[in-house]
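Novice: Just passing along the structure, written as structure tokens.
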Amino acid sequence: IPMGVLSCMKYLMFIFNVLVFAGGTCLVGVGVWVAVDPAGFQDIVAAKPVLSTGAYLLLAVGIALSLLGFLGCCGALRRSRPLLLV
């Protein structure tokens with residue numbers, strides 16, 4: 001495989017993992033917002049009974065995605081196969 005292709009794949013993996021990290025961080029932000037101020041979120045979305053459970057679910061999924069995105073970025077930059085497999 002030519003060296004240019006490997007370099008391109010490295011940067012594409014990095015960009016994809018940055019997007020996953022950013023998405024996870026956004027989910028954490030929304031989860032914190034819903035957990036701290038559920039009344040403000042109820043004005044936008046009328047889902048009252050599952051609001052507290054949904055907030056903690058958003059936090060958990062957001063933290064997991066942020067962690068996976070961060071490990072993927074590190075793995076892409078260092079060319080570490082174990083980090084990319086995580």
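None of the figures in this text is laboratory data; all of them are computed from the coordinates on show. Remember, it's a predicted structure, so these values are computed and weren't measured experimentally. Cβ placement follows ideal geometry from the backbone for every residue including glycine, while neighbour counts extend to all protein chains displayed.
Novice: Run the quick spin-label model on ARG78 and LYS10: label points 7 Å from Cα toward the beta carbon, then report their separation in nm to one decimal.
Specialist: A separation of 1.5 nm, rounded to one decimal place.
Novice: Using the Cβ atoms and a cut-off under 14 Å, what net charge is assigned to the surroundings of MET13, where Lys and Arg are +1 and Asp and Glu are -1? Kindly include the intermediate steps, with their values, before the conclusion.
Specialist: Values: positive: LYS10, ARG78, ARG79, ARG81; negative: none.
Overall, the nearby charge balance is +4.
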